[in-house]
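First the structure, in the form of structure tokens, and then the observations on it.
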Amino acid sequence: MRTCAPAASDEARPRLPGEALTRRAVTVITAAIVVMTFAFSLGNVTRLCLDLGITAWIAWLVAPAVDLSVVGLLTAIRFLSLHGYTDSQLAKPRYMLRFCGILTLVLNTAGAFGHRQFGTALVDAVGPALLIGWSEAGPWLLRQVYIVCSPVPEQPEAQPSITQAPMLPSALLARARKLDAAHRAATGKPISRDTLRSQLRIGRDRASALIAAIRAEAAAAAQASSGPLRAA
């Protein structure tokens, strides 16, 4: 069972200048876009439903149903992103979030398109389009801020130690292990720092820390397996 161990280390670690402001700005901007889109949707979708002859009390429930889905998905994705989950691990909720964003876009513009009011449709599409964009960019930005700002202890490369592994986001470290294992199986060589940095889309220092951690683990495993042979 997966635990939220990175959250404890996140609270204990020192904050870098601008980190709190950056996180708050991304969160507030995303929330503001969501609120403004909800305001658009409530009026546009309700009017569309009434024009289609749907009962009034049901017409008022359509937009909030989609809006609450977006809130729940954004909240969950933000939490998981801050705890090191990768894009592949967040694929399912992100697909659902995209669907909700497209649904919001269609519902907001359908009435204007039906009346051939193309200028109005363009204006009504602004909020949903921004919602789709920020639902993609927001969690990714938060995750990159977490990765960049997490502390990485410096130590000589000649004497690697797995004691630095707990300082790294567990999901990111697990992903690095998988990539290294796949690279070794394909080429017979450990993965390089630049290759790992490219595949994970992280900074050079973070990639160096991950390389040191997985190589230290491999060295420790090799030493442990060779111990009984030496004793014999």
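All of the numbers you see were taken from the coordinates with simple rules; none came from a lab. Source: prediction; values computed, not measured. Here the Cβ is made from the backbone with ideal geometry for all residues, glycine too, and neighbour counts use every protein chain on show.
List of remarks:
- Trypsin sites (Lys or Arg not before Pro) within region 93-129, DSSP loop, no more than 15 other Cβ atoms inside 10 Å: ARG116
- Annotation: extensible slack from GLU136 through ALA221 equals 26.7 nm (criterion: 0.36 nm per residue apart, minus Cα-Cα distance).
- Length-normalised contact order of region 17-149 in % [C-alpha pairs under 8 Å, at least 6 apart]: 37 percent
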